[in-house]
Structure formats: structure tokens, C-alpha cells
């Protein structure tokens with residue numbers, strides 16, 4: 001069966017959500033437990049990112065707001081008019097930082113792109129409403145001040161995991177030309193029934209207004225990628241989000257990456273010529289089609 005064959009998909013655990021206990025619900029979203037060597041991979045990623053930042057120190061820690069984490073790491077291309085990938089990190093809105101994902105600028109940079117990585121305040125210090133507003137301010141700042149930092153080309157807004165949710169809801173931002181959502185959570189309601197909500201404390205309004213699957217469709221190009229070895233809930237979210245956009249004739253491909261899990265999928269962004277790098281390039285080509 002093909003990797004995009006619906007009959008080949010694992011069942012969505014949320015179909016029997018009311019029958020699951022708390023441990024089973026937590027497991028449905030536990031990406032670390034699903035990948036046995038996730039801790040070692042994160043450590044390798046962090047070391048590679050520290051090395052990348054050290055090698056590209058010219059435009060780091062540039063504030064776009066007043067909170068400590070409201071800052072950018074910018075990696076401008078030689079050509080200011082080159083496209084820029086704006087990458088929002090993941091961690092279920094309560095872990096990680098932009099510094100730990102610097103190595104994923106390697107793939108776009110090899111293609112001649114700029115890369116911008118915004119940080120944001122984490123839960124429980126910030127609500128998801130506050131986090132979303134910070135990303136909006138980051139895009140405002142980049143639209144106004146990017147050219148002064150050598151970033152004047154089209155912005156492709158990308159995000160991984162929780163960052164994909166943030167990218168999806170900000171696709172409509174006027175500074176954004178297109179989007180790339182990777183391994184995202186696009187329906188927030190089930191999160192309230194897991195341990196993730198201990199920090200997030202999602203409200204009814206946040207579920208309604210910050211779940212991409214519930215929002216009006218933005219007709220900009222959006223590529224939606226997932227790994228076929230990811231948690232089934234994330235696979236089904238990606239497919240449902242793409243199906244909803246397709247039903248409304250919104251453009252952009254669904255990109256299932258065979259064998260990729262929640263962490264290895266980002267290898268396709270780090271590797272020059274990787275699937276996700278090519279997807280971003282195709283989005284920019286599609287802008288002029």
C-alpha cells in the first residue's frame with residue numbers, strides 16, 4: 001500500500017477518546033516515548049545547533065518585543081532578495097527554544113535562502129493566546145525590519161510540532177507569502193484531556209480560535225507534512241487539515257514522508273536538498289505560477 005493510502009493508516013485513538021484512561025490519552029501525544037532514542041537525538045541536535053550558532057554569530061538574539069524570549073536569530077543569505085524561511089520551534093508550547101533548532105537552517109541556507117527563527121514565551125508563564133500574539137508581533141517586526149537585516153525576500157512561515165500550529169494560524173499574516181506546517185497539532189480539544197494541559201490550561205475560547213481545523217481557510221499556499229511513523233493522532237490531524245483545505249480549494253500539497261518519525265522528519269529540513277527544503281522551494285515557485 002502507498003504511504004498516502006487511507007487504508008494503510010493506523011487508527012486514530014481519539015475515535016474512542018471517551019473510553020481511554022488518562023495514561024492512554026497522554027500516550028496518544030507522547031512523541032518522546034514513541035521514539036526510543038529521542039533523548040539522544042535531542043542532545044545531538046542541541047550540540048549541532050550550538051555549533052551552527054557559533055559559526056553564524058552575526059545576527060543573533062535580536063529583540064522583537066519586551067519579554068526575554070521575544071527575540072530572533074537571523075541567518076541572512078548573501079542575496080537580500082532571497083526567500084526567507086521563518087521557522088517556529090516546537091515542544092508543545094512549553095519546552096525548547098529557538099537556539100536549539102539552529103542546525104535546521106543548514107538545508108535552506110544551502111539553497112541560498114535566509115532563515116529567521118523567532119523565540120516565544122513558554123507555558124505556563126504564557127497562555128497559548130499570549131504565545132500566538134508574540135508570533136504575530138515577530139512577523140510584524142520581520143515585515144518592517146527584515147530588510148534592514150538583509151531579509152527582503154518572500155517569507156515562508158514554517159513550524160514543527162507546536163510550531164506548526166502557530167504557523168498555520170498565522171498563515172494569513174500580511175507579511176507571509178506561504179507556509180510549511182510539519183508534524184503539527186491542528187485540533188486542540190483533545191489536548192485538554194492530557195497532562196500537556198497542566199501547563200497550557202486551554203480555555204474554550206482558545207480551542208475554538210487557535211485550532212487550525214476550526215478556523216476559516218486561508219487561501220495562501222500551505223504544504224502540510226507528516227512522517228508516516230508519527231503518533232497516529234498527528235498523522236490524522238495532518239490529513240484532516242489538508243482535506244479541509246482541499247475541500248475549500250485552498251492550494252498546497254500533503255507531504256507524507258515514508259518512515260519518518262516526529263524527530264527524524266526534520267532531517268529533511270536540515271539536509272541540503274531534503275524533502276522539506278524542496279517543498280519550501282516549490283512553494284516559492286508556486287507564488288509566481
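Does at least one position in segment 136-155 carry a residue that is closer than 27 Å to residue 235 by Cβ and in contact with a helix residue (DSSP H, G or I) (Cβ under 7 Å, 6 or more places away or on another chain)?
No: segment 136-155 contains no residue that is closer than 27 Å to residue 235 by Cβ and in contact with a helix residue (DSSP H, G or I) (Cβ under 7 Å, 6 or more places away or on another chain).
Which of the residues spanning segment 64-78 are closer than 19 Å to residue 155 by Cβ and surrounded by fewer than 18 Cβ atoms within 10 Å (Cβ to Cβ)?
Of everything in segment 64-78, just one residue is closer than 19 Å to residue 155 by Cβ and surrounded by fewer than 18 Cβ atoms within 10 Å (Cβ to Cβ), namely 78.
Sort out which residues of segment 93-105 are surrounded by fewer than 21 Cβ atoms within 10 Å (Cβ to Cβ) and in contact (Cβ under 8 Å) with a residue 40 or more places away in the chain, and write them in order of number.
94, 99, 100, 103 - these are the residues of segment 93-105 that are surrounded by fewer than 21 Cβ atoms within 10 Å (Cβ to Cβ) and in contact (Cβ under 8 Å) with a residue 40 or more places away in the chain.
Would you pick out the residues in segment 8-41 that are part of a helix (DSSP H, G or I), in contact (Cβ under 8 Å) with a residue 40 or more places away in the chain and either more than 22 Å from the chain's Cα centre (by Cα) or surrounded by 16 or more Cβ atoms within 10 Å (Cβ to Cβ) (or both)?
13, 14, 17, 22, 25, 28, 31, 34, 38, 41
When both residues are 6+ apart or on different chains and their Cβ atoms are under 8 Å apart, which pairs have a first residue that lies in segment 65-81 and is without any contact (Cβ under 8 Å) to a residue 40 or more places away in the chain and at positive phi, and a second that is surrounded by fewer than 17 Cβ atoms within 10 Å (Cβ to Cβ) and part of a loop (DSSP other than H, G, I, E, B)?
none
Pull up segment 266-287, narrow it to residues that are touching a helix residue (DSSP H, G or I) at 6+ places or on another chain (Cβ under 6 Å) and in a loop (DSSP other than H, G, I, E, B), then point me to the one that is surrounded by the fewest Cβ atoms within 10 Å (Cβ to Cβ).
My answer is 272.
List, please: which pairs have Cβ atoms under 9 Å, are six or more places apart or on different chains, and start with a residue in segment 198-211 that is on the phi > 0 side of the Ramachandran plot and buried (at least 17 other Cβ atoms within 10 Å of the Cβ) and end with one that is at pLDDT 95 or above and part of a loop (DSSP other than H, G, I, E, B)?
Close Cβ pairs satisfying both conditions: none exist.
Inspect segment 247-265 for any residue being under 23 Å from residue 154 (Cβ atoms), crowded, with 21+ Cβ neighbours inside 10 Å and either free of Cβ contacts under 8 Å to residues at least 40 places away in the same chain or in contact with a strand residue (DSSP E or B) (Cβ under 6 Å, 6 or more places away or on another chain) (or both) and give the result as yes or no.
Taking every residue of segment 247-265 in turn, at least one turns out to be under 23 Å from residue 154 (Cβ atoms), crowded, with 21+ Cβ neighbours inside 10 Å and either free of Cβ contacts under 8 Å to residues at least 40 places away in the same chain or in contact with a strand residue (DSSP E or B) (Cβ under 6 Å, 6 or more places away or on another chain) (or both).
The values are calculated or read from the model by the stated rules, or taken from the named source; none is laboratory data. Note that the structure is a prediction, hence the values are computed from the model and not measured. Counting neighbours? That spans all protein chains shown, and the Cβs are built from the backbone with ideal geometry, glycine included.
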